[in-house]
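Since the structure comes first, as structure tokens, the remarks are kept for the end.
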Amino acid sequence: MPELPEIEVLRRSLEPHLPGDRIVRVEVRNRELREPVAVRALVRLAGRAILSLRRRAKYLLIDLEGGRTLVVHLGMSGRLTLAPGALPPEPHEHVALHLASGRKLRLRDPRRFGLVLALPTAGLERDPHFARLGAEPLDPDFGGSTLARAAAGRRGPVKSFLMDAGVVVGVGNIYASETLFRAGVHPLRSVGRISAARWDRLAAAAVAVLRQAIAEGGTTLNDFADGQGRSGEFQVSLAAYGRQGEPCPRCGHLIRRLVQAGRSTFYCPHCQR
DNA sequence: CGGGCGGCCTGGAGGC
DNA sequence: TGCCTCCAGGCCGCCC
């Protein structure tokens, strides 16, 4: 479910509540995630204070004292929420961090594509999960030339390119469709046939879409919620994603759906060339 | 070697 | 109501 905006919304929703609190007990209820939960590494986090919350790509990073970072990835269906510690576990609750404040931070993930890791804070970027990640689209130096440089010598459709985390992180299926719509670029256009001006438009569109989605609390199609359980609103602002058969908000032609690399892509056949 | 596809899971929606 | 099929926001690994 969650792409960059949803993880950033989650991070911001937890930011006022977690730093300064302390993990008193780690409860692993179900180890089955994308990688089996490393129970002993997690249990060793008990007793540590929470220092800060960061985000890299679609990973939430919870920095703890003693040089450890708890890494959480929500996969498709993960939810990380704060709850009273005495609340009974919800279905598919995999991990709960019981906090000194009496609350618990719990991870629920029905489809089990998510991930929880305890890693050393130093050198995190060299961990295999992070080592090959590309540019952060919200970094100030991200722009059309970032994309153009990454595209040099590559082939294939621009939509798959935008979703390649080795190029630019955080853009998943929803925001790739929305970025292409805003930039007026057809999803099947080959990356070898995109001008510098078009790369600039694509980069600017990606940044604008991601920023607006964050401002509107993320996209809740089914089950995204922030750390307080609040849904997002950006689904109302989606121009193309999920709107096949509806009129394009710009020109009125009907939005179409096509399948690329096994994923649905939504576009306007008139605005996107 | 890079690109594309299947597979991993469960649940919800829609058709019959 | 119930059963069946299809589809879903991510990511990895295998295949060509």
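The values are calculated or read from the model by the stated rules, or taken from the named source; none is laboratory data. Just so you know, these numbers come straight off a predicted model, no measurement behind them. Glycine gets a Cβ as well: all are built from the backbone with ideal geometry, and neighbour counts include every protein chain shown.
Here is how the numbers come out for the structure above:
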item	result
The lone exception for A:Asp200 - which of (1) out of contact with any Lys or Arg (no Cβ under 9 Å at 6 or more places or on another chain); (2) within 12 Å of DNA strand C (Cβ to nearest atom) it fails	(2)
Check on A:Ala46, within 30 Å of A:Gly166 (Cα to Cα), at pLDDT 95 or above and surrounded by fewer than 16 Cβ atoms within 10 Å (Cβ to Cβ)	no
Check on A:Ala118, modelled with pLDDT of 95 or more, in contact with a Lys or Arg (Cβ under 9 Å, 6 or more places away or on another chain), in a helix (DSSP H, G or I) and of a type in the set (A, V, I, L, M)	no
Test: residue in segment A:89-108 that is part of a strand (DSSP E or B), in contact with a Gly (Cβ under 8 Å, 6 or more places away or on another chain) and within 20 Å of A:Ala165 (Cβ to Cβ)	no
Per-region count, segment A:142-153, residues in contact with an Asp or Glu (Cβ under 9 Å, 6 or more places away or on another chain), free of Cβ contacts under 8 Å to residues at least 60 places away in the same chain and assigned to a loop (DSSP other than H, G, I, E, B)	0
Those residues of segment A:211-227 which are away from DNA strand C (no atom under 12 Å from the Cβ) and surrounded by 16 or more Cβ atoms within 10 Å (Cβ to Cβ), in sequence order	A:Ile214, A:Glu216, A:Gly227
Hits in segment A:121-137 - residues which are within 16 Å of DNA strand C (Cβ to nearest atom) and in a loop (DSSP other than H, G, I, E, B)	A:Asp127, A:Arg132, A:Leu133, A:Gly134, A:Glu136, A:Pro137
Close pairs (7 angstrom Cβ cut-off, 6 or more residues apart or separate chains): within 13 Å of DNA strand C (Cβ to nearest atom) in segment A:169-186, in a helix (DSSP H, G or I) and of a type in the set (S, T, N, Q) anywhere	A:Val171/A:Thr179
Wholly enclosed strands (runs of 3 or more DSSP E) of segment A:15-84 bearing at least 1 residues assigned by TED's automatic domain parsing to the domain that holds A:Ala96 and within 16 Å of DNA strand C (Cβ to nearest atom)	A:50-56, A:59-64, A:68-73, A:79-84
Segment A:12-33: number of residues that are exposed (fewer than 14 other Cβ atoms within 10 Å of the Cβ) and under 19 Å from A:Lys58 (Cα atoms)	1
Matching residues, segment A:238-265, being touching a helix residue (DSSP H, G or I) at 6+ places or on another chain (Cβ under 7 Å) and either on the phi > 0 side of the Ramachandran plot or surrounded by 15 or more Cβ atoms within 10 Å (Cβ to Cβ) (or both)	A:Leu238, A:Ala239, A:Ala240, A:Tyr241, A:Gln260, A:Ala261, A:Thr265
Unmet criterion (only one of (1) touching an Asp or Glu at 6+ places or on another chain (Cβ under 8 Å); (2) in a helix (DSSP H, G or I); (3) farther than 14 Å from A:Lys159 by Cα; (4) in contact (Cβ under 8 Å) with a residue 60 or more places away in the chain) for A:Val209	(4)
